[in-house]
């Protein structure tokens, strides 16, 4: 079912009656995986949109407090967790409201400064204790694994007729990605680090949200934002701050290629993925 404000009001009244008098308002920009509603001035209710994302509630409840202790940017703070009810079939969560807005709605940003802030965040995340964390797999939709897990999809997309992509350039990017592996210990990754999952306040990066696909493994998947959002100065600052080897960047290019190839025309993500594809193939 599609969660609505009325469903949220009913769930809150049934499971957290202390908040019954609070207003319930859908946020202006909804994500793909969850539906989000303001609960008064300082809380937010987040509900998985379909069953595939329901398991992320428990994962985030368990690991966001751990991650939050080791990064300098704000991450979501879990206040309470609800269960199925009122016709809604999945677990859901109440979080502390984080101020800020997603780009480009947040207005102009200092590209180099934002790139450096984002790189430092990932540098910190990769050094957070990962023992016992969820290994990359189905719950992360392959993020944190080697990009070869999507080899069939990439090869089929590259073989399609038409001017969608320069096939030779795409195959070169993919071959370089497949030729490298992560040789370090598994580290934390966000899994869906995209413009829609960062918050900007006053032109500066202020928070990273939506850790539903997070896990422990290869961090290459998180570098895709270098092409989907950052400009030239931002990419340079990001690369310097995140401090990862050339092989990881080659796999990141493979992840960016895969995402761009499989994003449907007309999707809200299409513009940023097309931007990434153009940048990737121009330097292949």
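The values are calculated or read from the model by the stated rules, or taken from the named source; none is laboratory data. Predicted, not measured: the structure shown is a model, and the values here were computed from it. Backbone-built Cβ (ideal geometry, glycine too); neighbour counts: all protein chains shown.
Residue 257: touching a residue at least 60 places away in the same chain (Cβ under 8 Å), farther than 30 Å from residue 57 by Cβ and out of contact with any strand residue (DSSP E or B) (no Cβ under 8 Å at 6 or more places or on another chain), yes or no?
yes
With the requirement that a residue be surrounded by 15 or more Cβ atoms within 10 Å (Cβ to Cβ) and free of Cβ contacts under 8 Å to residues at least 60 places away in the same chain, what does region 150-163 give you? The one that is surrounded by 15 or more Cβ atoms within 10 Å (Cβ to Cβ) and free of Cβ contacts under 8 Å to residues at least 60 places away in the same chain: 151.
Among the listed residues 46, 22, which satisfies the condition of being at pLDDT 95 or above, surrounded by 15 or more Cβ atoms within 10 Å (Cβ to Cβ) and assigned to a loop (DSSP other than H, G, I, E, B)?
Testing whether each residue is at pLDDT 95 or above, surrounded by 15 or more Cβ atoms within 10 Å (Cβ to Cβ) and assigned to a loop (DSSP other than H, G, I, E, B) leaves just 22.
Of the residues making up region 104-114, those that are assigned to a loop (DSSP other than H, G, I, E, B) and surrounded by fewer than 17 Cβ atoms within 10 Å (Cβ to Cβ) are 104, 105, 107, 108, 110.
Would you say residue 120 is more than 16 Å from the chain's Cα centre (by Cα), under 30 Å from residue 18 (Cα atoms), at pLDDT 95 or above and outside any loop (DSSP other than H, G, I, E, B)? Steps first, answer last, please.
Details: more than 16 Å from the chain's Cα centre (by Cα): yes; under 30 Å from residue 18 (Cα atoms): no; at pLDDT 95 or above: yes; outside any loop (DSSP other than H, G, I, E, B): yes.
It is false that residue 120 is more than 16 Å from the chain's Cα centre (by Cα), under 30 Å from residue 18 (Cα atoms), at pLDDT 95 or above and outside any loop (DSSP other than H, G, I, E, B).
The residue of region 70-90 that is surrounded by the fewest Cβ atoms within 10 Å (Cβ to Cβ), among those that are under 25 Å from residue 130 (Cα atoms) and in contact (Cβ under 8 Å) with a residue 40 or more places away in the chain, is 72.
When you scan region 30-43, do you find a residue that is without any contact (Cβ under 8 Å) to a residue 12 or more places away in the chain, surrounded by 13 or more Cβ atoms within 10 Å (Cβ to Cβ) and either in contact with a helix residue (DSSP H, G or I) (Cβ under 7 Å, 6 or more places away or on another chain) or assigned to a strand (DSSP E or B) (or both), even just one? Step through it out loud before you land on a result.
Step one: filter region 30-43 for residues without any contact (Cβ under 8 Å) to a residue 12 or more places away in the chain, giving 30, 36.
So of that shortlist, the ones also surrounded by 13 or more Cβ atoms within 10 Å (Cβ to Cβ) come out as 30, 36.
Imposing the further condition that a residue be either in contact with a helix residue (DSSP H, G or I) (Cβ under 7 Å, 6 or more places away or on another chain) or assigned to a strand (DSSP E or B) (or both) reduces the set to 36.
Among the residues of region 30-43, at least one is without any contact (Cβ under 8 Å) to a residue 12 or more places away in the chain, surrounded by 13 or more Cβ atoms within 10 Å (Cβ to Cβ) and either in contact with a helix residue (DSSP H, G or I) (Cβ under 7 Å, 6 or more places away or on another chain) or assigned to a strand (DSSP E or B) (or both), which makes the answer yes.
When residues in region 1-11 are screened for being over 26 Å from residue 208 (Cβ atoms) and in contact (Cβ under 8 Å) with a residue 60 or more places away in the chain, 4 of them pass.
So which residues in region 115-135 are without any contact (Cβ under 8 Å) to a residue 40 or more places away in the chain and surrounded by 15 or more Cβ atoms within 10 Å (Cβ to Cβ)? None - no residue of region 115-135 is without any contact (Cβ under 8 Å) to a residue 40 or more places away in the chain and surrounded by 15 or more Cβ atoms within 10 Å (Cβ to Cβ), so the list stays empty.
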